[in-house]
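Peer 1: Dropping a structure here in structure tokens format, bear with me for questions.
The values are calculated or read from the model by the stated rules, or taken from the named source; none is laboratory data. For clarity, every value in this text was computed on a predicted model and none was experimentally measured. Virtual Cβ from ideal backbone geometry, glycine too; neighbours counted across all protein chains shown. All accessible areas refer to the heavy atoms of the entire protein, side chains included, with ligands and DNA or RNA removed. Shrake-Rupley method; radii C 1.70, N 1.55, O 1.52, S 1.80 Å.
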Amino acid sequence: MKLITDTIAPRAGAEVAVDAILCFSALVLATSTLAVKSARVPEIFPQLPLTLASAAIFALVMAAMYALVGLYRPGTISLAATVGRITLAMGAGGFLTNLAMRAVGVPESLATLILTLVYLGIGLLLIRTGGNVMRRVSPLARVLIVGTGPEAYEIARELSCQGEMSRDVVGLFPSCGGPSAPELSGSGLHVFPENASIPDLVSLHGIQEVIVAVREQRGGGVPMDQLLACRIKGVPVLDFAGFCEKTKRQVPIDSLKGSWLVYGHGFVQGSVRTFVKRLFDIVSSIVLLMLLSPIMIATMIAVPLDSRGPIFYRQRRTGLGGVEFTCLKFRSMFVDSEKDGVARWAVRNDPRTTRVGAFIRKTRIDELPQLFSVLKGEMSLVGPRPERPSFVAQLKDQIPFYDIRHSVKPGVTGWAQVRYHYGATFEDARRKHQFDLYYVKNNSLLLDILILIETVSVVMFREGQ
């Protein structure tokens, strides 16, 4: 259970559970309604196991459909987009469930599904409306931030925004001799005096969480005895890196220390995990190649018809342990786009792309040949995206802990690709690296499956990169 809650955000996990219960209840209620209407009440009990099994299948299918259309992804989408995605999920989920119910001999499966979807629509309207109202009227968790520097101000600003991370920032407790962010003076954030007691502030203001946002904690800058007293009382105490990992699902590199990586949990690359991941890669890549072969064949025909040149584009990339390998992609650019030999970042609406290339880039079709690299063992289905050696040499010098990403195989898709927007600059590379660090630290089969599910949503609705 802890593995699941650590991988999926608490709010998303709660939504999955509520939606699954709602779908289960809707089908049971629809079956009961039809039985009462057709005077078949005595038949309900003998068919109860089959009804419950059908309801469980429907709940699982709908949870998967909701996830595939991106309803559990962080961030907000418009009401129209939400309704459209729910309608798409209900249509696909109802169709698949109807097939399953017919296969096991459920009577009146189509009528049952239609009524189920009606009940589900009503339930979704009531539950989601009620949930939004509850979130608005429910008090936010009260937080004390230790520190007044840039990190503390950044956390306070982010927690004050609407969204899943919203908290009630009671105030900031200054660290001894620590710097203060210039933005604090006009921010309206309350700064407690240095001689105050953190445990007393926690008790007085009903603080539920303490976040230590101090870059340098040695030399008495942070009152560890007071933080320990809070921890003993049951109040969670998080440092800046731990807070970002827990709430933002990324590991900040600007304030990161090697000791946090050394002594913290995670970075498990044992033999069992390696075997499971390799088996998962082989099975998944074979299945995907079989399912996507018509699209790949069509692309192999379209690429040379659109512009002269080879169908595939071969490029050296850096993989596991810093070892280079040849990455295979469908060609999306004109021939000799880098004839001067200088590697360049790919950018949105890149003028070097062909017409077919622009389409296969947006739909990620150009990445499909990399499934052969997965079969060969050079790549994994999920992992940090492999970079070109020339870029790696630059990024290693400028981004802390950049080499950690090479402790796992690069992936066709990854955590940074589903959680960060299109990136084509050095700063984007830094931000993506923070997501890659989170993946390397917390990699698991469940996280891989979650990334693959979110990849479907990213490709379908052209989110992220």
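Peer 1: Out of curiosity, is K376 within 29 Å of L288 (Cα to Cα), out of contact with any strand residue (DSSP E or B) (no Cβ under 9 Å at 6 or more places or on another chain) and open to solvent by 40 Å² or more (accessible area, probe 1.4 Å)?
Peer 2: no
Peer 1: If you go through segment 393-429 one residue at a time, how many are in contact with a strand residue (DSSP E or B) (Cβ under 8 Å, 6 or more places away or on another chain), among the β-branched types (V, I, T) and within 13 Å of L320 (Cα to Cα)?
Peer 2: 1
Peer 1: Turning to a different aspect of this structure: Residue pairs, Cβ under 7 Å, 6 or more apart or interchain, first in segment 374-391 and part of a loop (DSSP other than H, G, I, E, B), second among the basic types (K, R). List them.
Peer 2: Cβ pairs passing all conditions: M379/K409; G383/K409; P384/R405; P386/R317; E387/R317; R388/R316; R388/R317.
Peer 1: Look at R157 and say whether it is assigned to a helix (DSSP H, G or I), open to solvent by 30 Å² or more (accessible area, probe 1.4 Å) and more than 30 Å from G91 (Cβ to Cβ).
Peer 2: Considered against the rule, which asks whether it is assigned to a helix (DSSP H, G or I), open to solvent by 30 Å² or more (accessible area, probe 1.4 Å) and more than 30 Å from G91 (Cβ to Cβ), R157 comes out as yes.
Peer 1: Evaluate segment 264-282: report whether one residue or more is within 24 Å of S175 (Cα to Cα), surrounded by 12 or more Cβ atoms within 10 Å (Cβ to Cβ), among the aromatic types (F, W, Y) and within 21 Å of the chain's Cα centre (by Cα).
Peer 2: no
Peer 1: Mind listing whichever residues of segment 180-225 are open to solvent by 20 Å² or more (accessible area, probe 1.4 Å), part of a helix (DSSP H, G or I), at pLDDT 85 or above and not aliphatic (A, V, I, L, M)?
Peer 2: D200, S203, H205, D225, listed by residue number.
Peer 1: While we're looking at this one, here's another question. What are the pairs, 6+ residues apart or on separate chains, where a residue within segment 68-87 that is under 17 Å from S166 (Cα atoms) and of a type in the set (S, T, Y) has its Cβ under 8 Å from a residue that is open to solvent by 40 Å² or more (accessible area, probe 1.4 Å) and modelled with pLDDT under 80?
Peer 2: From residues that are under 17 Å from S166 (Cα atoms) and of a type in the set (S, T, Y), the pairs are T76/G163.
Peer 1: Ok, one more. Pick out the one residue from I145, I122 that is within 27 Å of R419 (Cα to Cα) and either of a type in the set (A, V, I, L, M) or outside any loop (DSSP other than H, G, I, E, B) (or both).
Peer 2: Being within 27 Å of R419 (Cα to Cα) and either of a type in the set (A, V, I, L, M) or outside any loop (DSSP other than H, G, I, E, B) (or both) holds for just one of I145, I122, which is I145.
Peer 1: Scan segment 64-79 and tell me whether some residue there is among the β-branched types (V, I, T) and assigned to a helix (DSSP H, G or I).
Peer 2: No: zero hits.
Peer 1: Quick one: which of G383, G357 is surrounded by 19 or more Cβ atoms within 10 Å (Cβ to Cβ) and within 21 Å of F334 (Cα to Cα)?
Peer 2: G357
Peer 1: Since S166 meets every condition but one in (1) open to solvent by 70 Å² or more (accessible area, probe 1.4 Å); (2) of a type in the set (S, T, Y); (3) at pLDDT below 85, which condition does it not meet?
Peer 2: Just one mismatch for S166, condition (1).
Peer 1: Can I ask one more? What are the residues in segment 284-314 that are under 25 Å from the mean Cα position of the chain (by Cα) and open to solvent by 80 Å² or more (accessible area, probe 1.4 Å), if any?
Peer 2: Listed by number, the list holds a single entry, L291.
Peer 1: Determine, yes or no, whether D403 is over 18 Å from K257 (Cα atoms) and either among the charged types (D, E, K, R) or free of Cβ contacts under 8 Å to residues at least 24 places away in the same chain (or both).
Peer 2: no
Peer 1: Just checking, does segment 130-152 include any residue being touching a residue at least 12 places away in the same chain (Cβ under 8 Å), surrounded by fewer than 20 Cβ atoms within 10 Å (Cβ to Cβ) and on the phi > 0 side of the Ramachandran plot?
Peer 2: No: segment 130-152 contains no residue that is touching a residue at least 12 places away in the same chain (Cβ under 8 Å), surrounded by fewer than 20 Cβ atoms within 10 Å (Cβ to Cβ) and on the phi > 0 side of the Ramachandran plot.
Peer 1: Inspect segment 49-69 for any residue being open to solvent by 80 Å² or more (accessible area, probe 1.4 Å) and farther than 19 Å from A12 by Cβ and give the result as yes or no.
Peer 2: Yes, the conditions are met somewhere in segment 49-69.
Peer 1: Another one. So is R85 over 18 Å from C23 (Cβ atoms) and charged (D, E, K, R) or not?
Peer 2: no
Peer 1: Continuing with this model, one more query. Criterion first (surrounded by 14 or more Cβ atoms within 10 Å (Cβ to Cβ), in contact with a Gly (Cβ under 9 Å, 6 or more places away or on another chain), within 20 Å of S390 (Cβ to Cβ) and modelled with pLDDT of 90 or more) does F325 satisfy it?
Peer 2: The answer is yes for F325.
Residues are listed down the side, and each one gets a yes or a no for (1) in a loop (DSSP other than H, G, I, E, B); (2) more than 30 Å from R405 (Cα to Cα):
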| site | (1), (2) |
| --- | --- |
| L228 | no, yes |
| V235 | yes, yes |
| F267 | yes, no |
| R273 | no, no |
| F280 | no, no |
| I301 | no, yes |
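Here's the yes/no breakdown for (1) within 17 Å of L71 (Cα to Cα); (2) surrounded by fewer than 16 Cβ atoms within 10 Å (Cβ to Cβ); (3) at pLDDT below 90:
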| residue | (1), (2), (3) |
| --- | --- |
| Q398 | no, yes, yes |
| G411 | no, no, no |
| G423 | no, no, yes |
| F426 | no, yes, yes |
| L437 | no, no, no |
| I449 | yes, yes, no |
| I453 | yes, no, no |
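Peer 1: Is it the case, given these coordinates, that S444 is farther than 16 Å from A241 by Cβ, open to solvent by 20 Å² or more (accessible area, probe 1.4 Å) and of a type in the set (G, A, S)?
Peer 2: Considered against the rule, which asks whether it is farther than 16 Å from A241 by Cβ, open to solvent by 20 Å² or more (accessible area, probe 1.4 Å) and of a type in the set (G, A, S), S444 comes out as no.
Peer 1: Against the conditions (1) within 21 Å of R430 (Cα to Cα); (2) of a type in the set (S, T, N, Q); (3) surrounded by 14 or more Cβ atoms within 10 Å (Cβ to Cβ); (4) out of contact with any strand residue (DSSP E or B) (no Cβ under 8 Å at 6 or more places or on another chain), where does S259 fall short? Just the number, please.
Peer 2: That leaves (3) as the condition not met.
Peer 1: Only one of (1) free of Cβ contacts under 8 Å to residues at least 40 places away in the same chain; (2) surrounded by fewer than 19 Cβ atoms within 10 Å (Cβ to Cβ); (3) farther than 18 Å from A14 by Cβ fails for M90. Which number is that?
Peer 2: Exception for M90: condition (2).
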